[in-house]
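The values are calculated or read from the model by the stated rules, or taken from the named source; none is laboratory data. Remember, it's a predicted structure, so these values are computed and weren't measured experimentally. For neighbour counting, all protein chains shown are included, and Cβ atoms are generated from backbone atoms with ideal geometry for every residue, glycine included. Heavy atoms of the whole protein, side chains included, go into the accessibility calculation; ligands, DNA and RNA do not. Shrake-Rupley method; radii C 1.70, N 1.55, O 1.52, S 1.80 Å.
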Amino acid sequence: MATVFSQYAWLVPAFPLAAFAILTALGRSLSRTGAWIATVASLASFVYSVMIAAERLAKNAEDYIGGFAWLRAGSVNLTAGYEVTNLTALMLVVVTLVALLVNLYSLGYMKDDERISTFFSYVALFTASMLGLVLADNLMILYVCWELVGVCSFLLIGFWYRKPEARAAAKKAFIVTRIGDLGLLIAILLLFWYMPGHALDFASLHNVFYAQSGIISTSITTLIALLIFLGAVGKSGQFPLHVWLPDAMEGPTPISALIHAATMVAAGVFLVVRTFDIFAAAPAALDTVAVVGAFTAIFAATIGLAQNDIKRILAYSTVSQLGYMMLAVGAGSTTSAMFHLFTHAFFKALLFLGAGSVIHAVHTQDIREMGGLGSRMKITAWTFGIGALALSGIPPFSGFWSKDAVLTAALDDNPWLFAVGVVAAFLTALYMARLFFLVFAGKPRGDAGAHARAKESPAVMTAPLIVLAALAVVAGFVQTPFSGWLGSWLTGGAEEEHASGLAIVASVAASLLGLYLGWLIYSKGAVRRDAVSSRFPRLVRLAERKYYIDELYDALFVKSLRGLGKALSAFDDVVVDGAVRLAGRSALALGRLNTRLQNGQIQTYGLAALVAAVVLVLAIAGRRFW
Amino acid sequence: MNFNIDFTGEFFAFFLLAVCAIVGAVLAINFEKVVHTTLSLAFTFVSLAGLYVLLEAEFVAFVQVLLYVGAVTILMIFGIMMTKHQGEGKEPGRPLLEALAAIGCLCLFGILFYAIRSAGFPAPAADLPEDNTLSIGKLLYSAYAIPFELVSVLLTVAFIGAVALAKREEEDS
Amino acid sequence: MLGSYLTLAAVLFCIGLYGVLVKRNAIIVLLSIELMLNAVNLNLIAFSKYGVVPSLTGQVFSLFTMTVAAAEAAVGIAVLIALYRNRATVNVDEYDELRR
């Protein structure tokens, strides 16, 4: 099977990159046209990605690696290349599809923003970087794109930079992910150091860590794996670096859907899957991944239960679901991780876009001020409901299949991890039920006028919702316990999917229980809402305040660093600036002296000449004696 | 250092005239009124003329009296008369400038004195011609004819220049 | 004997120099310059008699010096009077045009 389309896979990121260049160069003069250019570019990327994927669907498609030598220094050979495998093809389709839908949606959502072309240029740059990250054939290129998506995330979170919260959130996101990026960078440097031939491409990594394991000692491998995982933790918002992701919701909602739900935050999972050979060679690191993932899943779910901001609930849900993916990777099942990433991208993007539609209509993000919107916004309500069911893991929606795959993998690895996963699934269903019923069911609360004016969003916004809703329903069927098609496609048939009755029953039971309880509390009112909060006020308060993680970091790192900064600044003020001032003042004093000498009076000049002559004579005469 | 001084008549005359010259100069610096300074300096010039006579330069001594004591001093007195000199010596002193100038001058004198004392001049080989004025006249019109003429031109230029300077300002005002 | 004359000349020169540097009155400054020139003349004439080769050249030279000094004094006074008309002062420390 020839690889016709794969050879030109670099075209996929090239389209949005070109759109970015055009939008940046022509800037404001384009305004609305610029948005269309970006959308058309993302459509082109999507179409091409689908063609690549279709090509790869044929049996036994060869992996294609292309590129050029980027840097030659002695024995070191760095290439800038791209690699097309089934995994990257899958990611290409997911990223370009979500990017296309978000572009379309933004045409409506950002219609009235005066910096719309800037917005679309950022989105285009992000799409290009994300696709480059996916296509990269070595860690160097991946790291470059990794940083680029980080920058785009920063720019887009802070897009409404006149809001101080947005500025703070952008800074926070950048700094917190930077901690993870540093880990990744160190990991890359270590690999560069230890790898035979300084190779950094994934093929060589596979050879060294999979085929000929033992070249690099286990301790170094574990260290490298943990550092790579640190990068993934930063990017994917895993505990303890999850703090930036909820704050990132200050950005425009389409951005939350694209970057902070579907694509960029999944890059961490993708990275771990891509370098899975390293993790497989270091069991300790793999266990760490599983434990951190499981903990994040349940930890973020409890916080999500107590939040009141619609986007923040979804953000914590994202953190929780990313924890699921990490759990799956840690349990050794890259397939189920990618499967969950795949389905999650659709239903979480759907939920965010639906939330954006709601915010667009009522101009508030507080779910306590919503309610009863289901009758006014039918399409949004239906699609949001489908997304919520998919996220909760109700069969036959896509989330059920992927979550089931994750839980099955966890059960194989460790019963405790499985138990945590089931509890997290229950919590997920509960907070999704709370969110859905508070927003769409019941009677309107809050500002009555705003509710009366609330109406369905325009077609350009609802169309992506419908597409995503359809995908959220059917995407799960690519991998069911009965036919492990995705797994065999991704891994070349090595992994046989096996059904686990316990996992299915437990996850469905937990989800249904969560939904039922949510319905009882928030819709029917059978259980009083403050039943828990009145009994355990501290516990609820703890979850509301996000376990005081932000405050802890503030006290632990921010304050101490600020103190260090102040000390350094004082040192700078007193010592460094003092030296500078001393130099300046002495020059000034010399200048003043000279000014006094240059008083225009001939006598002063004469005196100076006399003194100089005397000194000269003394100096010349003095030389004779020395 | 060896001050091998012969207490001859010439030495006494020199000593007397030297004291007169120095006293005149010091007084000139110390007087507060300009006229006094001028007169005191005239006294110094006369003493110097006496020293020239002592040095067997009668013609130069004569010219000294004529030119300095006569012309220059009178010129200065005219200058004094044409400008106002009220409030003399009432301005605040300039201690730094004065101190530095004094130190500089003393250092210079020290250097010169040291140089003079350590030079060790040999005794003169011959005497000067007897008829001083005649010899100078002959020299001026033979060996130094061109410089002599140039100096006369210079004097004329200075004369015209001085007149022009003073006159033009008068017209402006 | 030569040393004594030279020392006297040095003394007069230094006094003249001090006067030039310190005195405020422009006329005294001019007079001090004349004093310095006289000190030089004394040197020349002393060398003319007590030098290694006694010669009248020194005396002729001092004659030229006097002539130039006279010219200088004349021009100096003329400049002074012109300045006085402009600035109404003969104080040297108020003549600070060089600063501009």
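Based on this model, can you work out whether C:T89 counts as touching a helix residue (DSSP H, G or I) at 6+ places or on another chain (Cβ under 9 Å) and free of Cβ contacts under 8 Å to residues at least 12 places away in the same chain? Steps first, answer last, please.
Values: touching a helix residue (DSSP H, G or I) at 6+ places or on another chain (Cβ under 9 Å): yes; free of Cβ contacts under 8 Å to residues at least 12 places away in the same chain: yes.
Judged against the criteria, C:T89 is a match.
Within the stretch C:1-9, can one find any residue that is within 14 Å of the chain's Cα centre (by Cα) and either open to solvent by 10 Å² or more (accessible area, probe 1.4 Å) or more than 7 Å from chain B (Cβ to nearest Cβ) (or both)? Working first, answer last.
Our first condition is that a residue be within 14 Å of the chain's Cα centre (by Cα); within the stretch C:1-9, this holds for C:9.
When the remaining residues are screened for being either open to solvent by 10 Å² or more (accessible area, probe 1.4 Å) or more than 7 Å from chain B (Cβ to nearest Cβ) (or both), the result is C:9.
Yes - at least one qualifying residue is present in the stretch C:1-9.
Scan the stretch A:328-346 and give yes if some residue there is in contact with a Ser or Thr (Cβ under 9 Å, 6 or more places away or on another chain), closer than 28 Å to A:A166 by Cα, β-branched (V, I, T) and at pLDDT 85 or above, otherwise no.
No; the residues of the stretch A:328-346 include none that is in contact with a Ser or Thr (Cβ under 9 Å, 6 or more places away or on another chain), closer than 28 Å to A:A166 by Cα, β-branched (V, I, T) and at pLDDT 85 or above.
Taking the residues in the stretch A:567-626 that are charged (D, E, K, R) and open to solvent by 60 Å² or more (accessible area, probe 1.4 Å) as candidates, determine which candidate is nearest to the other protein chains (Cβ to nearest Cβ).
Start the filter on the stretch A:567-626 by keeping residues that are charged (D, E, K, R), which leaves A:572-573, A:577, A:581, A:585, A:592, A:596, A:623-624.
Then drop every residue that is not open to solvent by 60 Å² or more (accessible area, probe 1.4 Å), which leaves A:572-573, A:581, A:585, A:592, A:596, A:623-624.
Working: A:D572: 39, A:D573: 37, A:R581: 28, A:R585: 22, A:R592: 14, A:R596: 10, A:R623: 14, A:R624: 12 Å.
Here the residue is A:R596.
For A:F192, indicate whether it is farther than 30 Å from A:D309 by Cβ and in contact with a His (Cβ under 7 Å, 6 or more places away or on another chain). Please lay out each step first, then the result.
Working: farther than 30 Å from A:D309 by Cβ: yes; in contact with a His (Cβ under 7 Å, 6 or more places away or on another chain): yes.
So A:F192 fits the description; yes.
Restricting to the stretch A:214-258, what's the tally of residues that are of a type in the set (A, V, I, L, M) and within 18 Å of A:T343 (Cβ to Cβ)?
Taking the stretch A:214-258 and keeping what is of a type in the set (A, V, I, L, M), we get A:215-216, A:220, A:223-228, A:230, A:232-233, A:241, A:243, A:245, A:248-249, A:255, A:257-258.
Narrowing the set further to residues that are within 18 Å of A:T343 (Cβ to Cβ) leaves A:257-258.
Total meeting the criteria: 2.
Can A:G399 be described as at pLDDT below 85, crowded, with 24+ Cβ neighbours inside 10 Å, assigned by TED's automatic domain parsing to the domain that holds A:A267 and over 19 Å from the mean Cα position of the chain (by Cα)? Show your work before the answer.
Details: at pLDDT below 85: yes; crowded, with 24+ Cβ neighbours inside 10 Å: yes; assigned by TED's automatic domain parsing to the domain that holds A:A267: yes; over 19 Å from the mean Cα position of the chain (by Cα): yes.
Yes, satisfied.
Return yes or no: is B:A162 more than 10 Å from chain C (Cβ to nearest Cβ), over 30 Å from A:A621 (Cβ atoms) and either in contact (Cβ under 8 Å) with a residue 40 or more places away in the chain or open to solvent by less than 70 Å² (accessible area, probe 1.4 Å) (or both)? Walk me through how you get there before you give the answer.
Details: more than 10 Å from chain C (Cβ to nearest Cβ): no; over 30 Å from A:A621 (Cβ atoms): yes; either in contact (Cβ under 8 Å) with a residue 40 or more places away in the chain or open to solvent by less than 70 Å² (accessible area, probe 1.4 Å) (or both): yes.
No: the conditions fail for B:A162.
Taking only pairs six or more apart or across chains, which ones have beta-carbon atoms under 6 Å, a first residue in the stretch A:121-149 that is closer than 13 Å to A:K235 by Cβ, and a second residue that is open to solvent by 10 Å² or more (accessible area, probe 1.4 Å)?
Between residues of the stretch A:121-149 that are closer than 13 Å to A:K235 by Cβ and residues that are open to solvent by 10 Å² or more (accessible area, probe 1.4 Å), the close pairs are A:S129/A:C145; A:S129/A:L148; A:L133/A:C145; A:C145/A:G132.
Taking the stretch B:112-146, which residues are open to solvent by less than 40 Å² (accessible area, probe 1.4 Å) and without any contact (Cβ under 8 Å) to a residue 60 or more places away in the chain?
Within the stretch B:112-146, B:I116, B:S135, B:G137, B:L140, B:A145 meet the criteria.
Does the stretch A:151-161 contain at least one residue that is among the β-branched types (V, I, T) and either at positive phi or open to solvent by less than 20 Å² (accessible area, probe 1.4 Å) (or both)? Walk me through it before giving the result.
Quick first cut of the stretch A:151-161, residues among the β-branched types (V, I, T) only: A:151, A:157.
Still in the list and also either at positive phi or open to solvent by less than 20 Å² (accessible area, probe 1.4 Å) (or both): A:157.
Checked the stretch A:151-161: at least one residue is among the β-branched types (V, I, T) and either at positive phi or open to solvent by less than 20 Å² (accessible area, probe 1.4 Å) (or both).
Could you tell me which residue of the stretch B:55-82 is farthest from the other protein chains (Cβ to nearest Cβ), considering only residues that are aromatic (F, W, Y) and open to solvent by 20 Å² or more (accessible area, probe 1.4 Å)?
Our first condition is that a residue be aromatic (F, W, Y); within the stretch B:55-82, this holds for B:59, B:62, B:68, B:78.
Now restrict to residues that are open to solvent by 20 Å² or more (accessible area, probe 1.4 Å): B:59, B:62, B:78.
Numbers: B:F59: 7, B:F62: 11, B:F78: 7 Å.
Here the answer is B:F62.
From A:E83, A:E55, which residue is assigned to a helix (DSSP H, G or I), open to solvent by less than 50 Å² (accessible area, probe 1.4 Å) and acidic (D, E)? Step through it out loud before you land on a result.
On the way: A:E83 fails: assigned to a helix (DSSP H, G or I).
Sole residue among the options that is assigned to a helix (DSSP H, G or I), open to solvent by less than 50 Å² (accessible area, probe 1.4 Å) and acidic (D, E): A:E55.
Does the stretch B:83-91 contain at least one residue that is open to solvent by less than 50 Å² (accessible area, probe 1.4 Å), of a type in the set (G, A, S) and more than 9 Å from every other protein chain (Cβ to nearest Cβ)? First the steps, then the outcome.
The initial filter retains those residues of the stretch B:83-91 that are open to solvent by less than 50 Å² (accessible area, probe 1.4 Å), namely B:83, B:85, B:87-88.
Those left that are additionally of a type in the set (G, A, S): B:87.
Cutting the leftovers down to more than 9 Å from every other protein chain (Cβ to nearest Cβ) gives us B:87.
The answer is yes; a qualifying residue exists.
Just one of A:P246, A:P283, A:P240 is surrounded by 24 or more Cβ atoms within 10 Å (Cβ to Cβ) and of a type outside the set (A, V, I, L, M, F, W, C); which is it? Spell out how you get there, then give the answer.
On the way: A:P283 fails: surrounded by 24 or more Cβ atoms within 10 Å (Cβ to Cβ); A:P240 fails: surrounded by 24 or more Cβ atoms within 10 Å (Cβ to Cβ).
One residue alone meets the criteria, A:P246.
Can you name the residue in the stretch B:107-158 that is more than 7 Å from chain C (Cβ to nearest Cβ) and of a type in the set (F, W, Y) and, of all such residues, is nearest to the chain's Cα centre (by Cα)?
B:F148
Can you name every residue in the stretch C:35-65 that is facing chain B (nearest Cβ under 8 Å), under 19 Å from B:G70 (Cα atoms) and crowded, with 22+ Cβ neighbours inside 10 Å?
The answer is C:L35, C:N38, C:N41, C:L42, C:S62, C:L63.
Could you grab me the full set of residues in the stretch B:32-54 that are under 16 Å from B:T73 (Cβ atoms) and at the interface with another protein chain (Cβ under 9 Å from one of its Cβ atoms)? Reasoning before the result, please.
So the first thing to find is which residues in the stretch B:32-54 are under 16 Å from B:T73 (Cβ atoms), and the list is B:33-49.
Matches in the stretch B:32-54: B:V34, B:T37, B:T38, B:L41, B:T44, B:F45, B:L48.
What is the number of the single condition among (1) facing chain B (nearest Cβ under 7 Å); (2) hydroxyl-bearing (S, T, Y); (3) open to solvent by less than 30 Å² (accessible area, probe 1.4 Å) that C:S32 does not meet?
With respect to (1) facing chain B (nearest Cβ under 7 Å); (2) hydroxyl-bearing (S, T, Y); (3) open to solvent by less than 30 Å² (accessible area, probe 1.4 Å), C:S32 is out only on (1).
Do we find a residue being within 12 Å of the chain's Cα centre (by Cα) and of a type in the set (S, T, N, Q) anywhere in the stretch C:34-54?
yes
What are the residues in the stretch B:65-79 that are under 13 Å from the mean Cα position of the chain (by Cα) and under 15 Å from B:T37 (Cβ atoms), if any?
Within the stretch B:65-79, B:Y68, B:V69, B:V72, B:T73 meet the criteria.
What are the residues in the stretch A:360-392 that are aliphatic (A, V, I, L, M) and surrounded by fewer than 20 Cβ atoms within 10 Å (Cβ to Cβ), if any?
A:I379
Taking the stretch C:15-25 as the region of interest, how many residues are open to solvent by 10 Å² or more (accessible area, probe 1.4 Å) and part of a helix (DSSP H, G or I)?
Of the residues in the stretch C:15-25, 5 are open to solvent by 10 Å² or more (accessible area, probe 1.4 Å) and part of a helix (DSSP H, G or I).
Name the residues in the stretch C:71-100 that are more than 14 Å from chain A (Cβ to nearest Cβ), at negative phi, open to solvent by 20 Å² or more (accessible area, probe 1.4 Å) and not β-branched (V, I, T), would you?
At the first step, the residues of the stretch C:71-100 found to be more than 14 Å from chain A (Cβ to nearest Cβ) are C:71-75, C:77-78, C:81-82, C:84-86, C:88.
Then keep just the ones that are at negative phi; that gives C:71-75, C:77-78, C:81-82, C:84-86.
Restricting the remaining residues to those that are open to solvent by 20 Å² or more (accessible area, probe 1.4 Å) gives C:72, C:74-75, C:84-86.
Those that are more than 14 Å from chain A (Cβ to nearest Cβ), at negative phi, open to solvent by 20 Å² or more (accessible area, probe 1.4 Å) and not β-branched (V, I, T): C:E72, C:A74, C:Y84, C:R85, C:N86.
So A:A409 clears everything in (1) open to solvent by less than 30 Å² (accessible area, probe 1.4 Å); (2) in a loop (DSSP other than H, G, I, E, B) except one condition, right? Which one?
(2)
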